[in-house]
1. Please go through (1) surrounded by 15 or more Cβ atoms within 10 Å (Cβ to Cβ); (2) in a strand (DSSP E or B) for residue 84 and return the number of the only condition it doesn't satisfy.
2. Specify which of the listed residues (158, 116, 107, 140) is within 19 Å of residue 237 (Cβ to Cβ) and surrounded by fewer than 18 Cβ atoms within 10 Å (Cβ to Cβ).
3. Can you find a residue in the stretch 121-134 that is more than 14 Å from residue 258 (Cα to Cα) and at pLDDT 95 or above?
4. Taking the condition of being under 18 Å from residue 246 (Cβ atoms), in contact with a helix residue (DSSP H, G or I) (Cβ under 7 Å, 6 or more places away or on another chain) and assigned to a strand (DSSP E or B), how many residues in the stretch 121-150 meet it?
5. Pull up the stretch 119-137, narrow it to residues that are in contact with a strand residue (DSSP E or B) (Cβ under 9 Å, 6 or more places away or on another chain) and free of Cβ contacts under 8 Å to residues at least 24 places away in the same chain, then point me to the one that is surrounded by the most Cβ atoms within 10 Å (Cβ to Cβ).
6. In the stretch 173-240, which strands (runs of 3 or more DSSP E) lie fully inside it and hold 2 or more residues that are in contact with a helix residue (DSSP H, G or I) (Cβ under 7 Å, 6 or more places away or on another chain) and surrounded by fewer than 14 Cβ atoms within 10 Å (Cβ to Cβ)?
7. Does residue 94 fit the bill of being part of a strand (DSSP E or B), under 21 Å from residue 164 (Cβ atoms) and in contact with a helix residue (DSSP H, G or I) (Cβ under 8 Å, 6 or more places away or on another chain)?
């Protein structure tokens, strides 16, 4: 019984480590309770902002494979109302239609996520446990079913879909184009968007590769309005990805815990 309880605690921490990234996209529970799109007024989005967002979504979504790196900061709010900022880095490797690897390393621990077209695996190298579950045979379907079934989503998941524009645009109420600005030496289109539960700002590279440079999300309905920030680098649309990267690399002593157990612990 004691060992089983330790497993629950360990995987509650594993899942929580990815939670900021999951909430940083269109996967928060509050979104699922939103009224149907037809009941909402048409969004007021500047034409240039909408066009650039659509073009960037098409550019990423049309790629059969890519890798990128992101430096991330996110807030945790204490009961006192004080915001504590944590940092992490994330590396993503994707091959369509059915391969995904996400590696997260941060102040709150390290996490690894694999998808091989048949199953998903989540592992914290600091623990002797990993979570696994069967999964659909295509990335979009896997991501759509992942959140409601196991209450988990890889960070920055919206950028992994075939149609990222549809994912990020669906709940927008207002959008502005704010001109060109510099992000780590890259000239980037700057845009700001308003939704019911969040405000978000995105910078898109103004060069030939229409990739995100930076993303900032403010959770305006949560106490103290915490933020999530990701700065993207090293986008590569012709990477040499070894097939083994998508195969879970686990120690022989690692014990499997169902995602349902993780959810119950949390």
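1. Unmet condition: (1).
2. Numbers: 158 fails: surrounded by fewer than 18 Cβ atoms within 10 Å (Cβ to Cβ); 116 fails: within 19 Å of residue 237 (Cβ to Cβ); 107 fails: within 19 Å of residue 237 (Cβ to Cβ).
Going through 158, 116, 107, 140 in turn, just one is within 19 Å of residue 237 (Cβ to Cβ) and surrounded by fewer than 18 Cβ atoms within 10 Å (Cβ to Cβ): 140.
3. Checked against the condition, which is being more than 14 Å from residue 258 (Cα to Cα) and at pLDDT 95 or above, the stretch 121-134 yields no hits at all.
4. If we filter the stretch 121-150 for residues that are under 18 Å from residue 246 (Cβ atoms), which is where we start, we get 121-123, 125, 130-143, 146.
Filter again for in contact with a helix residue (DSSP H, G or I) (Cβ under 7 Å, 6 or more places away or on another chain), leaving 122, 131, 133, 135-136, 139, 143.
Applying the additional criterion that residues be assigned to a strand (DSSP E or B) yields 122, 131, 133.
Residues that pass the stated criteria total 3.
5. Residue satisfying both the conditions and the ranking: 135.
6. On the way: elements: 174-183, 186-194, 198-205, 212-219, 227-236.
It comes to none.
7. Working: part of a strand (DSSP E or B): yes; under 21 Å from residue 164 (Cβ atoms): yes; in contact with a helix residue (DSSP H, G or I) (Cβ under 8 Å, 6 or more places away or on another chain): yes.
Taking the combined requirement at face value, the residue satisfies it.
Conditions tested, residue by residue: (1) in contact with a strand residue (DSSP E or B) (Cβ under 8 Å, 6 or more places away or on another chain); (2) without any contact (Cβ under 8 Å) to a residue 24 or more places away in the chain.
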| residue | (1), (2) |
| --- | --- |
| 57 | no, no |
| 71 | yes, no |
| 85 | yes, yes |
| 102 | yes, no |
| 109 | no, no |
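The values are calculated or read from the model by the stated rules, or taken from the named source; none is laboratory data. Bear in mind that the values here come from a model prediction, so they are computed numbers and not experimental data. We place every Cβ from the backbone using ideal geometry, glycine too, and count neighbours over all the protein chains shown.
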